[in-house]
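The structure's right below; bear with me while I get my questions together.
The values are calculated or read from the model by the stated rules, or taken from the named source; none is laboratory data. Please read all numbers here as calculations on a predicted model, not as lab measurements. Neighbour counts run over all protein chains shown; Cβ positions are idealised from the backbone, glycine included.
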């Protein structure tokens with residue numbers, strides 16, 4: 001495998017295929033998510049769906065074909081998405097009277113139904129979510145990060161006023177940040193996007209940004225306060241307590257299969273994937289060792305151990321169906337596929353009533369192989385997995401801190417964004433953002449919510465700063 | 001609402017909208033599945049996904065855009081689906097070189113990857129499933145039953161030989177039949193389709209057929225043994241133990257949102273929906289009663305009761321946010337929306353430490369309103385819900401038996417299929433099937449697996465029967 005330090009992109013493209021997460025789709029820019037990759041998505045889904053429902057949202061399903069006329073109703077929105085649209089022109093053997101857009105996102109079609117379903121202030125807030133596939137034609141596709149079709153959830157809510165809609169917008173952002181941290185062991189910076197990076201049609205866009213191991217930023221979830229833009233376009237209005245018709249304030253927010261790319265690039269190393277236990281399809285893999293009869297015995301014991309671990313709530317896999325492969329090959333393969341804990345079980349282990357436990361990142365964790373008695377495993381493994389999860393989060397946090405700095409001069413800025421993030425003052429002018437991007441490929445990732453109030457002069461042009469805070473700049477995926 | 005006896009179709013179209021299950025989509029033939037309808041789908045999904053995984057299948061996600069050339073590789077398959085396809089011709093602002101088909105089903109694209117992923121007999125069986133949306137352009141759309149876009153799962157598996165593939169085919173059929181019976185309280189007949197009703201590209205198609213309350217049949221899940229048809233078309237082959245290249249045998253099987261239509265038409269009545277508890281979004285609704293201060297007190301108690309029921313694993317909803325509506329209005333609405341159990345909680349109930357329990361189908365169940373002490377509810381309600389679930393299954397079974405008969409003369413056949421199912425001998429000739437359909441609108445639904453071996457003469461043309469069993473004929477959705 002290409003080392004990360006040599007060519008991070010090449011490393012990524014190789015690891016997603018070799019680890020059996022994904023395969024290239026038949027059409028350029030599409031992907032096949034294989035079971036090992038899809039299981040990670042299911043684990044993200046289960047957690048996020050719980051958060052969404054616990055906060056009072058309900059899932060629904062809107063059609064994926066959107067009449068072209070709907071998209072045109074919100075001018076900024078259609079302008080932003082027009083270059084990326086896929087269009088159905090024929091169906092049922094005929095040319096359609098109106099072309100249908102395959103949804104790139106669903107604000108427009110959901111707006112149409114919000115308008116229909118909302119009459120009174122009593123119908124608000126309307127809290128909807130859907131798990132769906134969406135299509136955005138990508139010029140520079142990349143597995144998980146930018147594919148023409150991807151999976152996501154999209155929350156769409158309508159509220160009585162700005163304050164309530166903003167509470168919702170920030171709730172979603174916080175849910176994404178918590179999920180990233182708790183499940184993906186990915187520390188993220190939550191902040192607001194500058195106007196140039198806003199969602200097409202939004203009043204304010206918020207984001208969580210994670211730092212990948214090449215120092216680049218990955219936008220891993222966004223939450224938008226849409227003001228009354230879509231409410232005006234689709235007549236989403238309600239009768240207030242006085243009987244007056246008032247426009248609703250809407251929000252939308254999404255997290256996608258892109259998150260899987262974030263996990264890979266936050267934790268992976270030159271040996272391959274490193275999966276945080278809470279998102280690992282297999283948290284533990286048991287490799288029984290031994291030829292012929294001995295192989296049968298260790299395999300039987302491995303399955304027995306696996307059953308006790310499964311009962312303890314651990315996702316475990318026994319590698320007992322590939323006698324043609326050597327134990328060493330299997331060890332390497334499971335390391336490459338990012339399994340947190342490997343248990344080796346040979347004839348000598350069996351005799352001693354133990355397994356040999358090996359951790360992914362053994363050197364970094366500072367813990368070599370250990371012999372563990374069978375009966376201690378169900379109690380011990382959850383602890384070891386928790387420790388490993390915490391280790392990954394700490395390591396990623398340390399990495400992010402090391403690669404982030406307050407930067408106030410242009411030369412230092414150029415150096416900093418070549419390997420990480422610069423926290424700098426900015427004048428807020430679009431042409432200045434463009435100049436920075438042209439010279440360094442860095443863009444403003446966000447204005448962090450929790451940054452201190454500070455003012456200064458623009459790192460690029462020396463005009464006074466406008467955001468009242470430093471802005472995080474970095475190269476992005 | 002239109003009574004079922006007057007116009008069953010009109011009843012259905014009204015109930016799906018009024019019960020807030022679904023709304024008409026913006027494009028003809030599409031639907032918006034509203035939260036109340038989508039929750040039913042989620043409950044079906046959770047159960048079926050568990051069965052699928054427990055049997056060793058893994059979920060994956062294949063692209064929804066299929067190159068036109070893939071579909072053309074299996075001749076029968078493309079012929080069967082050609083009239084229903086939706087086609088993307090433009091994307092990213094350009095006309096595509098090859099038009100893309102929006103998947104009507106995924107045998108072709110999955111076949112392509114099976115071929116890639118299978119090398120050796122050790123790679124078999126390959127057991128895949130995906131939860132997806134598919135598109136089939138419908139001329140006579142009907143909410144849930146036939147919509148241009150619908151949701152389903154599609155299992156796709158590859159096996160070493162016919163015997164193993166047939167075991168899989170029958171496993172899926174049995175899973176569908178069990179789910180229909182256990183979750184949907186829908187007794188179904190499992191059987192094989194006659195050649196004319198086979199899936200395009202299959203060697204054998206199996207189906208579960210439920211009887212709706214108008215006597216028509218609903219195909220509610222199908223399982224196909226595809227032989228080596230797709231293996232040939234996509235070169236799905238493996239090296240056997242002797243090193244020879246051998247074609248795999250494949251299967252596919254699917255259950256869709258159509259199942260929701262089946263639930264509605266199996267149990268609903270002139271008051272509206274009747275939901276089996278295991279698929280009811282709300283198994284119990286509590287309606288607190290009382291004006292002003294008293295209303296506050298009963299609502300608070302209702303929420304407290306709801307919390308104890310939720311803790312007991314019951315899906316419960318408190319109708320406490322609509323003070324502008326009368327209790328009577330709410331009772332009718334929850335009956336119309338099919339909630340199995342309603343708890344009324346007025347000031348007098350509160351004083352007596354009881355709720356008033358009312359069942360959906362009170363007359364049919366033979367059980368009027370009852371006063372139940374608060375503390376007995378968590379233990380009692382699961383029992384009442386189980387009884388209600390069993391009552392629905394029994395009632396549906398009785399209905400199916402009453403409306404099914406062995407029929408050996410043409411006159412009796414015509415009468416029988418006007419109101420139910422005829423079990424008749426058939427000659428197996430396509431032109432005879434066509435004649436039956438032309439005269440009565442009835443089609444062969446299936447050759448039941450568990451029917452006794454019998455022979456006779458064709459109910460239509462008197463030629464000898466060919467299936468070794470009676471065939472079920474009925475009008476179908």
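Within region B:68-105, which residues are crowded, with 18+ Cβ neighbours inside 10 Å, touching a residue at least 60 places away in the same chain (Cβ under 8 Å) and either out of contact with any helix residue (DSSP H, G or I) (no Cβ under 9 Å at 6 or more places or on another chain) or not assigned by TED's automatic domain parsing to the domain that holds residue B:134 (or both)?
B:86, the sole residue that qualifies.
Here is a check on your reading of the model: is residue A:112 within 11 Å of chain B (Cβ to nearest Cβ), in a strand (DSSP E or B) and out of contact with any strand residue (DSSP E or B) (no Cβ under 6 Å at 6 or more places or on another chain)? Walk me through how you get there before you give the answer.
Numbers: within 11 Å of chain B (Cβ to nearest Cβ): yes; in a strand (DSSP E or B): no; out of contact with any strand residue (DSSP E or B) (no Cβ under 6 Å at 6 or more places or on another chain): yes.
No; evaluated as a whole, the condition is false for this residue.
I need the helices (runs of 4 or more DSSP H) fully contained in region A:2-90, keeping only those with at least 2 residues that are within 7 Å of chain B (Cβ to nearest Cβ) and closer than 29 Å to residue A:276 by Cα. Spell out how you get there, then give the answer.
Working: elements: A:8-18, A:35-54, A:68-71, A:75-81.
In region A:2-90, the matching helices (runs of 4 or more DSSP H) lie at A:35-54.
Just wondering, is there one or more residues in region A:249-264 that are more than 27 Å from residue A:132 (Cα to Cα), in contact with a helix residue (DSSP H, G or I) (Cβ under 9 Å, 6 or more places away or on another chain) and assigned by TED's automatic domain parsing to the domain that holds residue A:59?
Taking region A:249-264 as the starting set, the residues that turn out to be more than 27 Å from residue A:132 (Cα to Cα) are none.
Scanning region A:249-264 turns up no residue that is more than 27 Å from residue A:132 (Cα to Cα), in contact with a helix residue (DSSP H, G or I) (Cβ under 9 Å, 6 or more places away or on another chain) and assigned by TED's automatic domain parsing to the domain that holds residue A:59.
Next question, about the same structure. Determine, yes or no, whether residue B:3 is at pLDDT 95 or above, farther than 20 Å from residue A:92 by Cα, touching a helix residue (DSSP H, G or I) at 6+ places or on another chain (Cβ under 9 Å) and not assigned by TED's automatic domain parsing to the domain that holds residue B:195.
Values: at pLDDT 95 or above: yes; farther than 20 Å from residue A:92 by Cα: yes; touching a helix residue (DSSP H, G or I) at 6+ places or on another chain (Cβ under 9 Å): yes; not assigned by TED's automatic domain parsing to the domain that holds residue B:195: yes.
Criteria met by residue B:3.
Now for a separate question. Any chance region B:392-406 includes a residue that's under 30 Å from residue B:284 (Cα atoms) and in contact with a helix residue (DSSP H, G or I) (Cβ under 6 Å, 6 or more places away or on another chain)? Walk me through how you get there before you give the answer.
Of region B:392-406, the ones under 30 Å from residue B:284 (Cα atoms) are B:392-400.
Next, only the ones that are in contact with a helix residue (DSSP H, G or I) (Cβ under 6 Å, 6 or more places away or on another chain) stay: B:392, B:396.
Within region B:392-406 (the criterion being under 30 Å from residue B:284 (Cα atoms) and in contact with a helix residue (DSSP H, G or I) (Cβ under 6 Å, 6 or more places away or on another chain)), the answer is yes, since at least one residue qualifies.
Which residues, taken from region A:239-252, are touching a residue at least 40 places away in the same chain (Cβ under 8 Å) and over 20 Å from residue A:74 (Cα atoms)?
If the condition is that a residue be touching a residue at least 40 places away in the same chain (Cβ under 8 Å) and over 20 Å from residue A:74 (Cα atoms), then A:239, A:240, A:241 are the ones that fit.
Which of the residues spanning region B:448-465 are in contact with a strand residue (DSSP E or B) (Cβ under 9 Å, 6 or more places away or on another chain), surrounded by 14 or more Cβ atoms within 10 Å (Cβ to Cβ) and assigned to a loop (DSSP other than H, G, I, E, B)?
Passing the criteria: B:449, B:451, B:456, B:458, B:459, B:460, B:463, B:465.
Could I ask something else about it? Within region B:66-109, count every residue that is more than 31 Å from the chain's Cα centre (by Cα) and over 20 Å from residue B:232 (Cα atoms). Write out each step before concluding.
Taking region B:66-109 first, the residues more than 31 Å from the chain's Cα centre (by Cα) are B:69, B:89-99.
Applying the additional criterion that residues be over 20 Å from residue B:232 (Cα atoms) yields B:89-99.
Residues that pass the stated criteria total 11.
Here's a check for you: in region A:380-397, which residue that is without any contact (Cβ under 8 Å) to a residue 24 or more places away in the chain and more than 12 Å from residue A:185 (Cα to Cα) is surrounded by the most Cβ atoms within 10 Å (Cβ to Cβ)?
Applying the filter and picking the extreme gives A:380.
Next up: Tell me, yes or no, whether region B:158-172 has at least one residue that is in contact (Cβ under 8 Å) with a residue 12 or more places away in the chain, in a strand (DSSP E or B) and out of contact with any helix residue (DSSP H, G or I) (no Cβ under 8 Å at 6 or more places or on another chain). Steps first, answer last, please.
First, the residues of region B:158-172 that are in contact (Cβ under 8 Å) with a residue 12 or more places away in the chain: B:158-162, B:164-166, B:168-172.
Keeping just the survivors that are in a strand (DSSP E or B) gives B:158-159.
Add one more test, that the residue is out of contact with any helix residue (DSSP H, G or I) (no Cβ under 8 Å at 6 or more places or on another chain), and what stays is none.
No, region B:158-172 has no match at all.
While we're here: Quick one: is residue B:26 buried (at least 16 other Cβ atoms within 10 Å of the Cβ) and farther than 20 Å from residue B:257 by Cβ?
Numbers: buried (at least 16 other Cβ atoms within 10 Å of the Cβ): yes; farther than 20 Å from residue B:257 by Cβ: no.
Answer is no for this residue.
Could you check, for region A:54-67, whether at least one of its residues is surrounded by fewer than 17 Cβ atoms within 10 Å (Cβ to Cβ), out of contact with any strand residue (DSSP E or B) (no Cβ under 7 Å at 6 or more places or on another chain), modelled with pLDDT of 95 or more and on the phi < 0 side of the Ramachandran plot? Steps first, answer last, please.
Keep residues of region A:54-67 that are surrounded by fewer than 17 Cβ atoms within 10 Å (Cβ to Cβ), which gives A:54-56.
Filter once more, keeping what is out of contact with any strand residue (DSSP E or B) (no Cβ under 7 Å at 6 or more places or on another chain): A:54-55.
Right, trim to modelled with pLDDT of 95 or more and you get A:54-55.
From what is left, the residues that are on the phi < 0 side of the Ramachandran plot are A:54-55.
Scanning region A:54-67 turns up at least one residue that is surrounded by fewer than 17 Cβ atoms within 10 Å (Cβ to Cβ), out of contact with any strand residue (DSSP E or B) (no Cβ under 7 Å at 6 or more places or on another chain), modelled with pLDDT of 95 or more and on the phi < 0 side of the Ramachandran plot.
Quick test for you: out of B:192, B:182, pick the one residue that is outside the structural domain of residue B:451 (by TED's automatic domain parsing), surrounded by fewer than 24 Cβ atoms within 10 Å (Cβ to Cβ), modelled with pLDDT of 95 or more and touching a strand residue (DSSP E or B) at 6+ places or on another chain (Cβ under 7 Å). Before the answer, list the steps.
Values: B:182 fails: touching a strand residue (DSSP E or B) at 6+ places or on another chain (Cβ under 7 Å).
Step by step, each of B:192, B:182 is checked, and only B:192 is outside the structural domain of residue B:451 (by TED's automatic domain parsing), surrounded by fewer than 24 Cβ atoms within 10 Å (Cβ to Cβ), modelled with pLDDT of 95 or more and touching a strand residue (DSSP E or B) at 6+ places or on another chain (Cβ under 7 Å).
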